[in-house]
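**Student:** Once you've had a glance at the structure underneath, I'll fire off some questions.
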Amino acid sequence: MGLARLLAGGFPVPTGLCLTTEAYDHALRAAGFSPTEQWQAAKNSSGAERQRILSHCCNLIRNYDIAELTSQILEQVRRLDLPLQQLWAVRSSATNEDGVHASFAGVYRTHLGIPLEEMGLAVKDLWLSIWDERVLNYHARSGSSGTPPAMAVVIQPLLEARAAGVAYSIHPLTGRASQVVINSVAGLAAPLVDGSVTPDQYVVEMDETSQPIRICERTVTGQFQALRATSQGLRELPLQDEAAGRATLSDDQLFALSRTAKQIEKLFGHPVDLEWLYDDCGLWLLQARPISGLTRSTQLTNNDDCEWSRANFKETLPELPSPLGLSFLELFMERYILAPYQRLGCRIPEEVTSVRTFQGRPYINMTLFYSLIVQLRGNPAPFTEQMGGEALARVPETHPLGWFTIARAAVVMMAELRRVAHNGPAWFAEMKAMAAEHRTERLRALSGEAIALRLDAIGQRLDEQELTFGIAGGVSQCLQALGSTLPRWLGEDWRALLNGALQGQASVISAQQIVRLAEISDMIRRDPRSTSWFTAEKWDPGEFRRRLEGTDALDAFDRYLDDYGHRGVGESDPMSPRFADRPELLLSVLRTQILARTSATPAGILERQAAVREQALSEIRARFGWRFHRWAIFSWWYRRLCRFFALREANRHYLMHYSAAVRSLLLRLGELLVEQGRLSSREDIFYLTINERAEWSTGGLRDWRGLIEARRAERDRYATVSVPDTIRDWNALVRGTDTPMPMDSEKILHGIPISPG
């Protein structure tokens, strides 16, 4: 039945003939026994009695005169104009074989390399394979009916196989529908079936359109012999030198076979297990049966099912975050991002995490967050735009939450958004006060125990007040709403228009940060003394206080440090120095602006951005035309988006006050440990994780110096390694077999800016 459907579907199947079950039934009737009675008798007996019944049936079949049937086979071979000296493959096709719930794969016999004169014996041997205790036991375990199976026999010329094996249109162990698994041996596949040879194994990743993306697993066993048909029958022959020990299939062959497996899966309407063969003419299909007893799945089960990106983390973390920074990131994501999703009713598998680290770099779980958006019945399309990564190659199967759960989640989320609006200003002020309270000069008199208590106290306040999830939810809500309407209302360039409308928000903290630096540059240009120092060929930023003493530029720079000195490059890691620690970073920016031949004034920056904003808003309104309700809807969501963008920037700004307070406390703790001889330098404290700091404070006796030294060496080693921004297959990357996806040749960035203004 499987081969007939393959032929009807236009797939390559070797020429051959089929002895139908009528020939089998005729043989049993001629032998003088009822298959139903004997089958039931054997099924209901056991031990010696069952063996007696089966042996009796087998003897009757062996004694059947098959000469007439053999003559019919020979005549049919002549009619098909097939060579009489050809060796043949004789395969079973039982009526209970290849079912969806039980395939009976490997239970019935197959004979390869059979000459025509031995065809009758081979056919009878396949008939005999029904009357075997293994078949009875498999029949009972699979819950099959009490009707005995009948046997058809497929007879085909034996092809000269270069490679042969089996292919599964889904992963037979995990049920992943996006993976085709292929087992391959050199020559004929009989050694694979009987287990005498370990096959090469390949796993090919497929996209949503059932096209191969890449080979994500490749296990080559190094075969040196192949089973081949010779004039003396089947023989194990050594492979030629160029093939010995190498992969049995090329990438092109793997992709073609994977594509074919998915096409057959679509034709059959269920996952399939294929027997296949490659000869000099190409691919041939020898059998197709359902994969039984396996649930098809593209759902998340563990981290290996996921795709990962570090694009978002690269904006706020250094290239190599500290062990403490990584542990805080993992805690922050689990406690303040994933936990709120779970409170909304989202399902997160136990073995799936939000963050994973490779070669010292953190990656965010893109697949997980895609799944969370779909569970909440959101549109996942804008997700990668907001995260700054590439689109998912494998979209997970995700079931949306029920409408009652969605309604409850909406109520919970609205309450969270109101909490953000109500508590935000007070919480931001409190975090700013934390940084002021924990300046370095105020911590000199504190003991290690007192510092540990303060770290715990401000951590507890973060637990109670953290607003990131609510703010991110507000931004996402607005972008979801605008993303669902503006493409229809404005056309394909809606993103560019929205981006333009978001410019010139000068009240946003990140915009103020840029404008105020431009204002300081203007002051420097108006002051010859300041200009002379900034443009000097031999320029030492360490002398800035002495060289700029008494100038307006220095006063403005100090005010800038008061407001933004707690920020820095890679600022989300407490180990990263702040601008107040390394003012030369900002001074270098100012020097670059002063040396530039042309430079925009602060007023010019704001005027240009305001003009872009007004032009975009005018164009949006013009495209709405007489549809005033569209302008009203857009305006409401636009103002809301601007508010939440401003809140997001403020939240990040003031969270860095919290981070600065933590940094000051940890550095003071490091100084105390250096004085006690427990650390070599105060920065060593950043090489311990959050849990290890707690272990140390309770008197842990580990070799902390040795641990830190090993981590420093590891970090130095990581610094010499380049890593991709996106990981499609984590295991393949670890094994060194992952190949990056080709990037968009247009090299055009798409998306919504992280900060308005």
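The values are calculated or read from the model by the stated rules, or taken from the named source; none is laboratory data. No experiment lies behind these values; they were computed from the predicted model shown. Because the Cβ atoms are built from the backbone with ideal geometry, glycine has one as well, and the counts that use them run over all protein chains shown.
So that you can scan it fast, the table gives a plain yes or no per residue for (1) farther than 30 Å from PRO212 by Cβ; (2) more than 23 Å from the chain's Cα centre (by Cα); (3) surrounded by fewer than 17 Cβ atoms within 10 Å (Cβ to Cβ):
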residue: PRO340; (1), (2), (3): yes, no, no
residue: LEU344; (1), (2), (3): yes, yes, no
residue: SER354; (1), (2), (3): no, no, no
residue: PHE358; (1), (2), (3): no, no, no
residue: PHE383; (1), (2), (3): no, no, no
residue: LEU392; (1), (2), (3): no, no, no
residue: ARG419; (1), (2), (3): yes, yes, yes
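**Student:** Does GLY378 fit the bill of being within 25 Å of MET656 (Cα to Cα) and at pLDDT below 95?
**Tutor:** Details: within 25 Å of MET656 (Cα to Cα): no; at pLDDT below 95: yes.
Judged against the criteria, GLY378 is not a match.
**Student:** Report yes if some residue within segment 510-518 is farther than 30 Å from MET333 by Cα and in contact with a Ser or Thr (Cβ under 9 Å, 6 or more places away or on another chain); otherwise report no.
**Tutor:** yes
**Student:** May I ask you to list the residues in segment 136-163 that are out of contact with any strand residue (DSSP E or B) (no Cβ under 9 Å at 6 or more places or on another chain) and in a loop (DSSP other than H, G, I, E, B)?
**Tutor:** Listed by number, the residues that qualify are SER142, GLY143, SER144, SER145, GLY146, THR147, PRO148.
**Student:** So how many residues does segment 569-616 have that are on the phi < 0 side of the Ramachandran plot, among the small types (Gly, Ala, Ser) and in a loop (DSSP other than H, G, I, E, B)?
**Tutor:** The number of residues fulfilling the criteria is 6.
**Student:** Sort out which residues of segment 346-372 are without any contact (Cβ under 8 Å) to a residue 60 or more places away in the chain and part of a helix (DSSP H, G or I), and write them in order of number.
**Tutor:** PHE369, TYR370, LEU372
**Student:** Find the helices (runs of 4 or more DSSP H) located wholly in segment 690-735 whose residues include 1 or more that are modelled with pLDDT of 90 or more and under 26 Å from the mean Cα position of the chain (by Cα), and list them. First the steps, then the outcome.
**Tutor:** Numbers: elements: 690-697, 704-718, 730-735.
The helices (runs of 4 or more DSSP H) meeting that bar are 704-718.
**Student:** With LEU128, LEU136, LEU158, LEU192 as the choices, which residue is of a type outside the set (S, T, N, Q) and modelled with pLDDT of 90 or more?
**Tutor:** The conditions single out LEU158.
**Student:** Test GLY175 against the criterion of being at pLDDT 90 or above and either within 21 Å of the chain's Cα centre (by Cα) or under 22 Å from LEU227 (Cβ atoms) (or both), and give yes or no.
**Tutor:** On the way: at pLDDT 90 or above: no; either within 21 Å of the chain's Cα centre (by Cα) or under 22 Å from LEU227 (Cβ atoms) (or both): yes.
Spelling it out, it is not the case that GLY175 is at pLDDT 90 or above and either within 21 Å of the chain's Cα centre (by Cα) or under 22 Å from LEU227 (Cβ atoms) (or both).
**Student:** Are any residues in segment 183-221 outside any strand (DSSP E or B) and among the β-branched types (Val, Ile, Thr), and if so, which ones?
**Tutor:** If the condition is that a residue be outside any strand (DSSP E or B) and among the β-branched types (Val, Ile, Thr), then VAL193, VAL197, THR198, THR209, VAL220, THR221 are the ones that fit.
**Student:** Do you know which residues across segment 371-391 are of a type in the set (Ser, Thr, Tyr) and closer than 18 Å to GLY470 by Cα?
**Tutor:** none
**Student:** Exactly one of these conditions fails for TRP631: (1) under 28 Å from ALA501 (Cβ atoms); (2) touching a residue at least 24 places away in the same chain (Cβ under 8 Å); (3) crowded, with 17+ Cβ neighbours inside 10 Å. Give me its number.
**Tutor:** (2)
**Student:** Determine which single condition ASN63 fails, assuming it passes every other condition in (1) within 16 Å of GLU118 (Cα to Cα); (2) surrounded by 12 or more Cβ atoms within 10 Å (Cβ to Cβ); (3) out of contact with any Pro (no Cβ under 8 Å at 6 or more places or on another chain).
**Tutor:** Of everything listed in (1) within 16 Å of GLU118 (Cα to Cα); (2) surrounded by 12 or more Cβ atoms within 10 Å (Cβ to Cβ); (3) out of contact with any Pro (no Cβ under 8 Å at 6 or more places or on another chain), ASN63 misses just condition (2).
**Student:** Residues to consider are ARG591, ARG640; find the one that is surrounded by 14 or more Cβ atoms within 10 Å (Cβ to Cβ), within 37 Å of the chain's Cα centre (by Cα) and more than 30 Å from ILE458 (Cα to Cα).
**Tutor:** Answer to the selection: ARG640.
**Student:** Please indicate, with yes or no, whether at least one residue in segment 622-638 is assigned to a loop (DSSP other than H, G, I, E, B), within 25 Å of TRP533 (Cβ to Cβ) and not charged (D, E, K, R).
**Tutor:** No, segment 622-638 contains no residue that is assigned to a loop (DSSP other than H, G, I, E, B), within 25 Å of TRP533 (Cβ to Cβ) and not charged (D, E, K, R).
**Student:** Quick one: would you say ARG439 is exposed (fewer than 14 other Cβ atoms within 10 Å of the Cβ), more than 46 Å from the chain's Cα centre (by Cα) and assigned by TED's automatic domain parsing to the domain that holds ALA616?
**Tutor:** When the stated conditions are applied, ARG439 does not pass them.
**Student:** Considering only residues that are in a loop (DSSP other than H, G, I, E, B) and either of a type in the set (Phe, Trp, Tyr) or within 30 Å of LEU84 (Cβ to Cβ) (or both), which ones fall in segment 11-55?
**Tutor:** PHE11, PRO12, VAL13, PRO14, THR15, GLY16, THR20, PHE33
**Student:** Looking at LEU587, LEU673, LEU617, LEU669, which one is of a type outside the set (Asp, Glu) and in contact with a Gly (Cβ under 7 Å, 6 or more places away or on another chain)?
**Tutor:** Selected residue: LEU669, the only one of LEU587, LEU673, LEU617, LEU669 that is of a type outside the set (Asp, Glu) and in contact with a Gly (Cβ under 7 Å, 6 or more places away or on another chain).
**Student:** In segment 164-178, is there at least one residue being over 23 Å from ILE291 (Cβ atoms) and either outside any helix (DSSP H, G or I) or out of contact with any Pro (no Cβ under 6 Å at 6 or more places or on another chain) (or both)?
**Tutor:** No, because not a single residue in segment 164-178 is over 23 Å from ILE291 (Cβ atoms) and either outside any helix (DSSP H, G or I) or out of contact with any Pro (no Cβ under 6 Å at 6 or more places or on another chain) (or both).
**Student:** Would segment 618-628 turn up any residue that is within 35 Å of the chain's Cα centre (by Cα), more than 30 Å from GLU437 (Cβ to Cβ) and surrounded by fewer than 19 Cβ atoms within 10 Å (Cβ to Cβ)?
**Tutor:** No, every residue in segment 618-628 fails to be within 35 Å of the chain's Cα centre (by Cα), more than 30 Å from GLU437 (Cβ to Cβ) and surrounded by fewer than 19 Cβ atoms within 10 Å (Cβ to Cβ).
**Student:** Need pairs with beta-carbon distance below 7 Å; first residue touching a residue at least 12 places away in the same chain (Cβ under 8 Å) and within segment 519-545, second aromatic (Phe, Trp, Tyr); sequence gap 6+ or separate chains.
**Tutor:** Qualifying pairs under 7 Å: ILE520/PHE557; ILE520/TYR560; ILE524/PHE534.
**Student:** Looking at PHE328, is it surrounded by fewer than 18 Cβ atoms within 10 Å (Cβ to Cβ) and either touching a residue at least 12 places away in the same chain (Cβ under 8 Å) or not aliphatic (A, V, I, L, M) (or both)? It would help to see each step written out before you state the result.
**Tutor:** Values: surrounded by fewer than 18 Cβ atoms within 10 Å (Cβ to Cβ): no; either touching a residue at least 12 places away in the same chain (Cβ under 8 Å) or not aliphatic (A, V, I, L, M) (or both): yes.
Spelling it out, it is not the case that PHE328 is surrounded by fewer than 18 Cβ atoms within 10 Å (Cβ to Cβ) and either touching a residue at least 12 places away in the same chain (Cβ under 8 Å) or not aliphatic (A, V, I, L, M) (or both).
**Student:** Can I ask one more? Determine which member of the set ARG488, ARG444 is without any contact (Cβ under 8 Å) to a residue 40 or more places away in the chain and assigned by TED's automatic domain parsing to the domain that holds ALA660.
**Tutor:** Of the residues listed, the single one that is without any contact (Cβ under 8 Å) to a residue 40 or more places away in the chain and assigned by TED's automatic domain parsing to the domain that holds ALA660 is ARG488.
Okay, residues lined up against (1) assigned by TED's automatic domain parsing to the domain that holds LEU192; (2) of a type in the set (Asp, Glu); (3) out of contact with any Ser or Thr (no Cβ under 6 Å at 6 or more places or on another chain):
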{"position": "THR209", "(1), (2), (3)": "yes, no, yes"}
{"position": "GLY222", "(1), (2), (3)": "yes, no, yes"}
{"position": "GLN232", "(1), (2), (3)": "yes, no, yes"}
{"position": "ASP251", "(1), (2), (3)": "yes, yes, yes"}
{"position": "PHE255", "(1), (2), (3)": "yes, no, yes"}
{"position": "LEU267", "(1), (2), (3)": "yes, no, yes"}
{"position": "PRO271", "(1), (2), (3)": "yes, no, no"}
{"position": "TYR278", "(1), (2), (3)": "yes, no, yes"}
{"position": "LEU286", "(1), (2), (3)": "yes, no, yes"}
